[in-house]
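What follows is a short report on a single structure.
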Amino acid sequence: MNGKIFGMIMLAVLVAGTALLALRFQPTGLATLPEEGYTVKIGYKPNANYVVLFVALEKGYFEDEGLKVETLKFDSTNTIMDAFAAGHLDATPTGNVVVSYSLENTRPGLFKLFSPDFYTDERHSENLIVRKGSGIRSINNLEGKTIGANKGIFARTMIRKFLEKQGVIDFKIIEIDDSLQLQALETGQIDALVSLEPNPTIAVEKGIAEYLVNGSVYAKTFGFYPSTSCGVISTKFLHEHPAEAKKFLQAMKRSIEFITKNFEESKQILPKYIPIEKNIAEKTTFPEFQYVDSMSKEQKEAIQKTADFLFEEGIIKKKVDTSRLMLDEKDLE
């Protein structure tokens, strides 16, 4: 084989290899990468707690800011934070505080918190329901019963603390995947269920279940309005793409303001983004969201108290000073 023919063969191999590599790493998602500029990658789970993202998309707040975004769907908040920690996401409007604070324990400085949620008796996303016709009429009737819970140590701990506070000491908690919870309740595999919306509303509206507790189980357990999740933004994103980060945060702030003023209208947006019927969306609820620059002293204290509780219960390994995690003006310089 002479040198000219060999060179042509090697050139062909190089071109083919480059093409294959490009195909292998072609991005996927709801938005395509632009020819110019940076596309912000946002993780979410299809439930009502991510309404801040859904409102921003529906109202065109990202477009108003001239910002390109790619929304990436996950099955759980844990996997969202795993992807965030791996550098595959720039932000999420609802980050699990257990995973977030655990990340701060092991990789301090990875993120900033920009929009805590607060569970109140009127605004919350978890409900305690029982199978209709079960005969369970009060919390004391849960003695010796089996209660279903969302997966994760936080949900399990909160249910245990709530029941013990009510004087119930003999019970069993079973973690169940979201998609199987209502079936487990209807078939009698569990006697009661503490689940996140929209599952409780769906169960009640379909005649499967009835509410046992009015208001937030979490708030009743803590004795104050806790913050169990928070909008999370990558410090790498803040530092490497400050213009896009500011635009993203402005869109999130506008969305939170809209939800605060238009709670009922915000619920009507949900069926466009999650698998929920309109009549269910109208009756569901979600926590109160607050942007960091408008939090009260009491809300700041509630965030720290929630973190302290997680440490005291052994859910996170080290204490966390939440004031240092909050986004401030210096992070936007």
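Each value in this text was obtained by applying a stated rule to the coordinates, not by laboratory testing. Given the structure is predicted, the values throughout are model-derived calculations rather than measurements. Neighbour counts are summed over all protein chains in view; Cβ atoms, including those assigned to glycine, are modelled from backbone coordinates with ideal geometry.
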#### Entry: Dipole-positive endmost among 202, 325, 153 within the chain (Cβ charges, Cα centre)
153
### Task
Can you bin segment 126-214 into rounded, prolate or oblate? Criterion: square roots of the alpha carbon gyration tensor eigenvalues sorted a ≥ b ≥ c, rounded for a/c under 1.5, prolate for a/b above b/c, oblate for the rest.
oblate
## Note on the structure
Residues whose modelled amide H sits under 5 Å from the amide H of residue 173, counting only those 5 or more places away in sequence or on another chain, are 147
### Message
Quick one: the Cα spread of segment 60-144 along its three principal axes, in angstroms, biggest first?
### Response
54, 36, 23
### Query
Could you give the dipole magnitude of segment 126-214 about its Cα centre, charging the beta-carbon of Lys and Arg +1 and that of Asp and Glu -1, in debye to the nearest 20?
220 debye
### Query
What Rg and what Dmax come out for segment 189-239 when only alpha-carbon atoms are used, in angstroms?
16.5, 51
### Task
For every helix of n ≥ 4 consecutive DSSP H residues, a contribution of -39,500 (n - 2.57) applies; sum these over the chain, divide by its total residues, and give [θ] at 222 nm rounded to the nearest 500 deg cm²/dmol.
-12500 deg cm²/dmol
### Message
Can you compute 3J(HN,Hα) from phi for each residue in segment 210-224, using the Karplus curve 6.51 cos²θ - 1.76 cosθ + 1.60 with θ = phi - 60°, rounded to whole Hz and x for Gly and Pro?
### Response
9, 6, 9, 10, 8, x, 7, 4, 5, 5, 5, 6, 6, x, 8
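Count the net charge of all other residues whose Cβ sits under 12 Å from the Cβ of residue 93, scoring Lys and Arg as +1 and Asp and Glu as -1. Please report the intermediate quantities before stating the final value.
Details: positive: 45, 253; negative: 90, 117.
Combined, the nearby Lys, Arg, Asp and Glu give 0.
Just the ratio, please: alpha-carbon radius of gyration of the chain over 2.2 N^0.38 Å, N its number of residues. Don't skip to the answer; put the middle values down first.
On the way: Rg = 22.9 Å, N = 333, 2.2 N^0.38 = 20.0 Å.
Relative to the 2.2 N^0.38 Å estimate, the chain comes out at 1.15.
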#### Entry: Shape of segment 197-325, Cα gyration tensor, a/c cut at 1.5
oblate
